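Below is one structure, written out as structure tokens; comments come after it.
The values are calculated or read from the model by the stated rules, or taken from the named source; none is laboratory data. This is a predicted model, so every value here is computed, not measured. With ideal geometry, Cβ positions are generated from the backbone for all residues, glycine too; neighbour counts draw on all protein chains shown.
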Amino acid sequence: MKNPILLFLVISIPLILFSCRDKDSQIITEAETLVFSNPDSTLVLLENIKKPKSLNNELYAHFLLLKTQAKNKINADISNDTLLYVAINYFKKKNDYDRVAHAYFYENRVYQARDLNKEAIKSCHLAKEYAEKAYDFNLLGLIYHDFGFLYKNQLNFQEAINNFKKGIFYFQKSGNKEYATYMYKRIGDVYLVSRQQGYTDSALINYQKALEYAEQENNQNEIYRIFQSISLNFCENNQLEKAKTFIKKAIECSGEQHENFNDYMSLSEIHIGLNEPDSALLYIEKAYSVNTKPSLSEIYIYKKMLYRIDKMKRDYQPALSDLEECLVYIDSTYINMMSQNILEIQKKYETESLENEKQELLIQRLHLFIFYMSLFILLSVAVGFYIYKTQKQKAKLLQIQRTVGFLEEMLQSKNIKENKLKELLIEKLDLAKKITQMNIEPNQNNNYFIKQFHKIFGYNIAETLNWDKLYPLFNALYNNIVDKLKESYPTLTEKELQFCCLIKAEFRHDEIAFLLSYEYNSIRTIKMRLRMKMGFDSYDDFNQFLINL
């Protein structure tokens, strides 16, 4: 061949691209085998994929799910892992129910990290739906655990307990005794926090079930935590000797010095409750000896306990000194917390700014896409319109004219219907008002007209006001005044409701008296009683209320 270099490139480039993709696929496969047993190694493997977005759709979906899973298992921050919806959409298209369920479950964890509990609950419901289709009992147990945790945060303790119990059912079904142990302990903790009637007994029952499972599995870490909880439960029940026994058992189970600090402090607290200051002091010193680098809050607790012991022993001078040191550490802790809060706020602000910049960039790209699409459509329409023959243009114009005429007729009809209610009410009220004035100011002509009206129509003008028909008209004309009055003042009689409507329509007192068959002299008294019944101090307030209604 004339150009061997060109031949080499033609053959080697596809091979290189294929080998890169094959390598990424191997990384994803290996990461999936490690994610549950060794999440740290999973993250290290995934870091080898330098450009995840260049992966094909399948590998990218697996990458997103695996990365969030691994980070969550090592308690890393996942609050910014907001691309899981990409994995969800892909797995949905492939009907991969198990991975859809997992993706929704970890989306719930992302929402929890962002303190969006309502969204987290929605994602849990979706995860449950797909986990049931996949018959993934272990995942269902985890989902119900998160339901319980979220409801506990909302202080809906009974719902939390119910969901934890469902979690136990599915963990037992999947043979996961470790998590079933954890769930029994969770239920005990909820009973302890809820302080319901008999809560300490219910908590103890669940702690004992958790302890039974933990001992079967020889899970020393969980046994240690259960002993702690049982001790706390006995403290709540003021059974301090039993509390002391179980906290000592916890200390025997644990070999971690930092946890022993808390246990020794708890033991010291129990001895203070038993009025044994010397023993309390002994365990405080032990707590301080095992914790070589105490935090400010731990030093504060230590000094506060010393203050309580000195006060119990009536050593008031050392007690005062301990109290002063407590105040110093409170100030230091407060300053430290403020600094941390400022850093957290700054970090959150920077994160949100970055998210906003990304959103703005996406919006700009979307606007650009819409612009070009709009331009393309306009050009296409222009070309198509140019090709049309003159006869078809005339036919379209004629059709448009007919359509416009039809729309104008519809609009005119609509306006007529909207005004009909107002005109009918105004006509009724104007007629009533005019005849009322004739009745109020009698003269020969007025009397003659009223007699003729009665003779022709056969009824009194006050009887022409059919209020069952007038109420809807008042509602249409005066912004639902009748419905609002009935809702706000359900004890109003029909006459009182009619009285308010006529005042709203600006009828005079003598006109209202005639239309409602009242004595003219009684109108002010009736209006005063109505005003007091509706809770208004003055006529101005009453009138202004009806005007504004």
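Determine, yes or no, whether Thr390 is farther than 27 Å from Thr82 by Cβ and at pLDDT below 80. For Thr390, the condition - farther than 27 Å from Thr82 by Cβ and at pLDDT below 80 - is met. Number of residues in the stretch 191-204 that are surrounded by 15 or more Cβ atoms within 10 Å (Cβ to Cβ) and closer than 15 Å to Phe234 by Cα: the value is 7. Looking only at residues in the stretch 118-157 that are in contact (Cβ under 8 Å) with a residue 24 or more places away in the chain and among the polar types (S, T, N, Q), the one that is surrounded by the most Cβ atoms within 10 Å (Cβ to Cβ) is Asn138.
Out of contact with any Lys or Arg (no Cβ under 6 Å at 6 or more places or on another chain) and either farther than 21 Å from Ile547 by Cβ or of a type in the set (Val, Ile, Thr) (or both): is that true of Ser517 in this structure? Taking the combined requirement at face value, the residue satisfies it.
For the criterion of being farther than 28 Å from Gln359 by Cα, out of contact with any Cys (no Cβ under 6 Å at 6 or more places or on another chain) and at pLDDT 90 or above, Lys94 passes. Here is a check on your reading of the model: is Ala280 of a type in the set (Gly, Ala, Ser) and modelled with pLDDT of 85 or more? The answer is no for Ala280.
Of the candidates Leu83, Leu126, the single residue that is among the hydrophobic types (A, V, I, L, M, F, W, C) and at pLDDT below 90 is Leu83. Restricting the stretch 466-489 to residues that are assigned to a loop (DSSP other than H, G, I, E, B) and within 40 Å of the chain's Cα centre (by Cα) leaves a set whose member that is surrounded by the most Cβ atoms within 10 Å (Cβ to Cβ) is Tyr478. Of all the residues in the stretch 273-290, those that are surrounded by fewer than 21 Cβ atoms within 10 Å (Cβ to Cβ) and either among the β-branched types (Val, Ile, Thr) or not in a helix (DSSP H, G or I) (or both) number 4.
Of all residues in the stretch 72-105, exactly one satisfies the criterion of being of a type outside the set (A, V, I, L, M, F, W, C), surrounded by 22 or more Cβ atoms within 10 Å (Cβ to Cβ) and either touching a Ser or Thr at 6+ places or on another chain (Cβ under 9 Å) or touching a residue at least 60 places away in the same chain (Cβ under 8 Å) (or both), namely Tyr104. What number of residues within the stretch 100-133 are within 12 Å of the chain's Cα centre (by Cα) and aromatic (Phe, Trp, Tyr)? Of the residues in the stretch 100-133, 1 are within 12 Å of the chain's Cα centre (by Cα) and aromatic (Phe, Trp, Tyr).
Every condition in (1) surrounded by 13 or more Cβ atoms within 10 Å (Cβ to Cβ); (2) in a helix (DSSP H, G or I) holds for Leu492 except the one numbered (2). For the stretch 196-215, indicate whether the set of residues that are in a helix (DSSP H, G or I), in contact (Cβ under 8 Å) with a residue 40 or more places away in the chain and not β-branched (Val, Ile, Thr) is non-empty. Looking for residues that are in a helix (DSSP H, G or I), in contact (Cβ under 8 Å) with a residue 40 or more places away in the chain and not β-branched (Val, Ile, Thr), one finds none in the stretch 196-215, hence no. One residue stands out in the stretch 498-549 among those that are surrounded by fewer than 16 Cβ atoms within 10 Å (Cβ to Cβ) and among the β-branched types (Val, Ile, Thr): the one that is modelled with the lowest pLDDT, namely Ile547.
Of everything in the stretch 37-60, what is within 21 Å of Ala113 (Cβ to Cβ) and in contact (Cβ under 8 Å) with a residue 24 or more places away in the chain? Give them in sequence order. Once the filter is applied, which keeps residues that are within 21 Å of Ala113 (Cβ to Cβ) and in contact (Cβ under 8 Å) with a residue 24 or more places away in the chain, the stretch 37-60 yields Pro39, Asp40, Thr42, Leu43, Leu46. Among the candidates Lys173, Lys244, the residue that is touching a helix residue (DSSP H, G or I) at 6+ places or on another chain (Cβ under 8 Å), surrounded by fewer than 18 Cβ atoms within 10 Å (Cβ to Cβ), of a type in the set (D, E, K, R) and assigned to a helix (DSSP H, G or I) is uniquely Lys173.
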